[in-house]
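Everything below concerns the one structure shown next.
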Amino acid sequence: MSVAGLKKQFHKATQRVSEKVGGAEGTKLDVDFTEMEKRVDTTARAVLDIMTKTTEYLQPNPATRAKMSMMSSMSRMRGQEKGPGYTQTETILGESMQRFGRELGDYSNFGLVLIDVGEAMRELGEVKDALDMEVKQNFIDPMQNLHEKDLREIQHHLKKLEGRRLDFDYKKKRQAKVTEDELKAALEKFDDSKEVAEQSMFNLLESDIEQVSQLAALVHAQLQYHTRSAEILTQLSSKIDEQIRDTSTKPRKEFIPKPRTSLDFSISENHNGGIHGARSPGEAPPAARRHKILIQLFIVKEHFWTFISSLSIFCQSFKTHFKNICIINFQVKTVTMQNHKILPNNFGLVSSAYILVHLK
């Protein structure tokens, strides 16, 4: 910047400080100009806020919007035209419904309807994508163009007008040190800037029918979206009602419990004292094994013969009190019980005594 330019900037700053701090009064613009300036300022704020809110309306997830913005910036840096589109919530819900519907299968009424509703949600996501594209093309892009070109140009003219007003007021207040030609030149520049700024604001405000057309495009896109959505949901509702009617006419299945597990008690070489021979439901046990009771006892080797003496007395008493016993078989087998699941590891050598009772 030249010395003359620096000097002029200093004069403008001096005049601004004298008005803000010292209370000096600058040149007043006419009421029409001031009113027009207010309307343009309101229009600029409205355009910026509406663009932001419209994007939030179409793409309500802030995290996804931030991710899309970052990916779009990266795509532009790589020379690509555009990044991936916004994933609609309807599409996400529809994919989830279809996945679980396929897992449930054709035999589940819930699974079949899940597939149908998921398909409808997927179609709603496609309709929402179409709404996004149309609103961006016919509403957001024209609004952004208005904000970045026309309104920015008006702000430039108003800023230039304010600078020339300050320069004119500074020279007018110091007429004794300023020539008449300099004062006239400053006034002429101020008037020129005022006329240009006023003309640009007038053109914007008088052509606001363009903004009305853009709002009409927004409403038309929403109307198409809701009309198509209503058609999809109406068809889906009819299909679900038909599914309910068909299911209600079918006979209801009754639950038939399966036979419970039966147990078989018999002597086995690998028997370790637990229940032996459990059968699955529906398998009838052999008749020869239906009336047997198996008792297995473990006796420490040192007390074996004492136990045998007591056992003979027990068997005689047992047969005396229970008349329906026909046979009592007694079998003794010496086994090593190290690492046995029932007895401790240090139990040592024991004898396994089997008592098989046959009932009538």
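The values are calculated or read from the model by the stated rules, or taken from the named source; none is laboratory data. All figures in this text were calculated on a predicted structure; none of them were measured in a lab. Virtual Cβ from ideal backbone geometry, glycine too; neighbours counted across all protein chains shown. All accessible areas refer to the heavy atoms of the entire protein, side chains included, with ligands and DNA or RNA removed. Shrake-Rupley method; radii C 1.70, N 1.55, O 1.52, S 1.80 Å.
Some values worked out for this structure:
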{"item": "Residue in segment 193-219 that is surrounded by the fewest Cβ atoms within 10 Å (Cβ to Cβ), counting only those that are part of a helix (DSSP H, G or I) and among the charged types (D, E, K, R)", "result": "E206"}
{"item": "Filtered residues of segment 100-138 (kept if under 23 Å from T247 (Cα atoms) and of a type in the set (S, T, N, Q))", "result": "S108, N109"}
{"item": "Flag for L124 being of a type in the set (A, V, I, L, M) and modelled with pLDDT of 90 or more", "result": "yes"}
{"item": "Residue satisfying condition, being under 23 Å from L58 (Cβ atoms), open to solvent by less than 60 Å² (accessible area, probe 1.4 Å) and not aliphatic (A, V, I, L, M), within set F139, F190", "result": "F139"}
{"item": "Residues of segment 220-258 satisfying the condition of being surrounded by fewer than 10 Cβ atoms within 10 Å (Cβ to Cβ) and of a type in the set (A, V, I, L, M, F, W, C)", "result": "F255, I256"}
{"item": "Lone qualifier among L114, L93 - being surrounded by 17 or more Cβ atoms within 10 Å (Cβ to Cβ), modelled with pLDDT of 80 or more and part of a helix (DSSP H, G or I)", "result": "L114"}
{"item": "Tally of residues being open to solvent by 70 Å² or more (accessible area, probe 1.4 Å) and modelled with pLDDT under 90 across segment 23-51", "result": "2"}
{"item": "Residues of segment 164-219 classified as modelled with pLDDT of 95 or more and of a type in the set (F, W, Y), total", "result": "1"}
{"item": "Top-ranked residue in segment 121-135 [being free of Cβ contacts under 8 Å to residues at least 60 places away in the same chain and in contact with a Ser or Thr (Cβ under 9 Å, 6 or more places away or on another chain); ranked as surrounded by the most Cβ atoms within 10 Å (Cβ to Cβ)]", "result": "M121"}
{"item": "Only listed residue being acidic (D, E), in contact (Cβ under 8 Å) with a residue 40 or more places away in the chain, open to solvent by 20 Å² or more (accessible area, probe 1.4 Å) and at negative phi, chosen from D150, D181", "result": "D150"}
